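Chemist: Quick one: the structure is below, questions incoming.
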Amino acid sequence: MTSTDTTSCPHCGRPDGAGPFRVLSRHLTATGHTEWARCRCGSLQVRVADGRGTRVVSRSRPAAAAGAASA
């Protein structure tokens with residue numbers, strides 16, 4: 001996964017604060033919580049929510065389509 005400082009998904013352009021995205025898991029931390037979520041395009045995201053708000057701190061490329069040929 002790569003670090004990010006953008007405010008939208010580089011794969012589909014959807015703003016990080018907009019839905020739909022699916023929360024896969026949520027974990028409490030000393031300052032808030034960390035979420036693993038999947039963007040509408042399939043990109044896996046790590047979101048941190050704390051006193052500074054919610055932001056995506058890491059994301060992957062979307063998963064390859066099922067049945068797609070490997071290059």
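Chemist: Using the structure shown, decide if Ala69 is over 11 Å from the mean Cα position of the chain (by Cα), among the small types (Gly, Ala, Ser) and either in a loop (DSSP other than H, G, I, E, B) or at pLDDT 80 or above (or both).
Modeler: yes
Chemist: Could you check segment 14-61 for strands (runs of 3 or more DSSP E) lying wholly inside it with 3 or more residues that are surrounded by fewer than 13 Cβ atoms within 10 Å (Cβ to Cβ)?
Modeler: Details: elements: 21-28, 33-39, 44-50, 53-59.
In segment 14-61, 21-28 are the strands (runs of 3 or more DSSP E) which contain 3 or more residues that are surrounded by fewer than 13 Cβ atoms within 10 Å (Cβ to Cβ).
The values are calculated or read from the model by the stated rules, or taken from the named source; none is laboratory data. Fair warning: this is a prediction, and the values are worked out from it, not measured in the lab. Quick reminder, even Gly has a Cβ in these numbers, built from the backbone with ideal geometry, and neighbours come from all protein chains shown.
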